[in-house]
Amino acid sequence: MRSTFHLIATVFLSFSVLFPSALNLSLPPENDALSILAFTSKADLHNKLPFSVNTTSTHCKWQGVQCQSDGKVVHLVLENLSLAGVFAVNTLTHLDQLRVLSLQSNSLTGPIPDLAGLVNLKSLFLDHNSFTGGVPPSIASLHRLRTLDLSNNKLSGTIPVSFTNLNRLNYLRLDSNRFSGSIPPLNQSNLQIFNVSFNSLTGPVPVTPTLANFTASSFLPNPGLCGEIVHTECSFIEPFFGKNSTATPPPKVVLGQSAQLQEGIPNFQNSSSRNHKRLGLIFGFSAGVVVLISSIMCILISIKSSEKKKRKDAMSTSEIMEMAAAADAAAEVMRMEETNELEEKVRKLQQGIAMGKSGNLVFCASETQAYTLEQLMTASAELIGRGSLATTYKAVLENRLIVCVKRLDAARLAGTSKEAFERHIEAVGGLRHPNLVPLRAYFQAKEERLLVYDYQANGSLFSLIHGAKSTIAKPLHWTSCLKIAEDVAQGLSYIHQAWRLVHGNLKLSNVLLGSDFEACLSDYCLSALSHHPPDTDPAAYEPPETRKLNHQPTAKSDVYSFGVLLLELLTGKPATEHPHLMPDEMVNWVKSMRAMNGGGDAEDNRLIMMVEVAIVCRVSSPEQRPTMWEVLKMIQEIKEAAVTEEPNETS
């Protein structure tokens, strides 16, 4: 009788998934009982649980089941019951009010099913079973999730980068599995328990403020991991950043000390008025740098203690999309005027690739081969830009996949051997961060070298700000500037700290806008391959120390470029038009530029703090500039002061 009803329950639930309108879903409480019975019919092969059809009306009294007042199941805890079957699809995922699910310490096998239906889930314990396969992507969509334990299973594949989007996560255990690939740059401020030990993970451990708070025991043993946190040098990057590198180790991060920067910078206890008078000394005396940083944090403290001022809303995504569309329209007119020239250059590109018959298209670590070299060569291509190191094309493959292909300048890479190129690009291809455009594949044969990236349809930050200037009545609201600045700082900090690499060519045109208009860095870490200085105006983004011939960029030169980019973002003025002013004068200049262009927020204290961040990044002496991690902390402090506290969540 019981097995028959289990079969009926399973059929009913499958029908409800395929034809929900026929059953007028959402499901009533009785269907929670059917969901549990459908699960146990596949998981409880030895009848350890006394659930049956005769007790569906009292399912809230079943072992391990807890309901809310309307009979909907909110807790399901079935632990240490020797369940030896599988976690069948379309069973427990119908429990749409479920908050806690624990199946730990059983003998369940097979893959973990799609869990997207558990929209209210806060805690998920599937540890100490024998689950196989990869982590279902649907877990990253459970935005209320706070606790996730998948440890002590036989799970494989990579740890999804999308886990970085689980903002409420405070407990994550993935240890004792068979995971490979790199560790995502997890940076959830609430994460208190974390463990990925006893896997097969590789690459540098990202030195995010959150991960830096855990000891090596949370990561080891994983024979392929390296970096500061696990006390193992990442030697495979050394050939490119050995003797010439001046990058300093990242500072240790301690939770609860966000108002105090590391590496010898003191606490910010001076008053705002005293520091304000000393800002003019920043370029004359090294002590001025410390004073300037102090003033930024003092303003933060004073703002937090004063009454909250009414703030203007940040620019909406629709407004940004309209601006981006206008910029694209202007760019389209320019492209139409050059159609014949572009088509000719595309033909030459494809002919050049065809001549390199001895080369292979190599996909980077953890990437599957989505297309062949022949498919890439025969793709419909369009020239979209020329840079100092590469010419960029948009390629549309037969399967409608769109990629971005960069053809590197052979003359600039003439001194880089095939082996050195491969080693460096393999390292760069291992970078994965939400604010980096991922490098998917590369090709080299004779003098032909190509890099294949994801295509970003929303264009560049340069196009957004300058592309259709005649149609833009006012600059971006300062809160939009703050979001973009944080995105760029996150990407740069990841490159510097997790991998000891440098961007080397940061500017607005190398910041692209993702699908959600997040800022993503492109053309990163390629300057190390070139033995020639880039064709850019040294007064714009280059710091004084790298204007000498063959002087390689460093992490501190990226910080300088970030300061220039931030001023261009705030004023809408090209970097070549930025005046050389004392700090007080620079603040007034930015305020006047925004007021002149319709920015009604020119007097906002947080805007002024952003200008001061840009100023301290542009200090002439690289030793006196903050690290990118310190810059990120400044921006996040400004953001924390600007964003109202999230209301308490109801269960």
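Since every read-out is calculated from the coordinates, none of them should be taken as a lab result. A quick note: this is a predicted structure, and the numbers were derived from the prediction, not measured. With ideal geometry, Cβ positions are generated from the backbone for all residues, glycine too; neighbour counts draw on all protein chains shown.
With the convex hull drawn around the C-alpha atoms of the range 65-237, the volume per residue stands at 103 Å³.
Please give me the summed charge of the neighbours of THR132: other residues whose Cβ is under 13 Å from its Cβ, Lys and Arg +1, Asp and Glu -1.
Values: positive: LYS154, ARG178; negative: none.
Charge balance in the 13 Å sphere: +2.
For CYS520, what charge total do you get from the other residues with a beta carbon under 9 Å from its beta carbon, if Lys and Arg give +1 and Asp and Glu give -1? Spell out each step's value before the answer.
Working: positive: none; negative: ASP454, ASP487, GLU518.
In short, -3.
Among residues other than ILE159 with Cβ under 13 Å from its Cβ, the summed charge is +2 (Lys and Arg +1, Asp and Glu -1).
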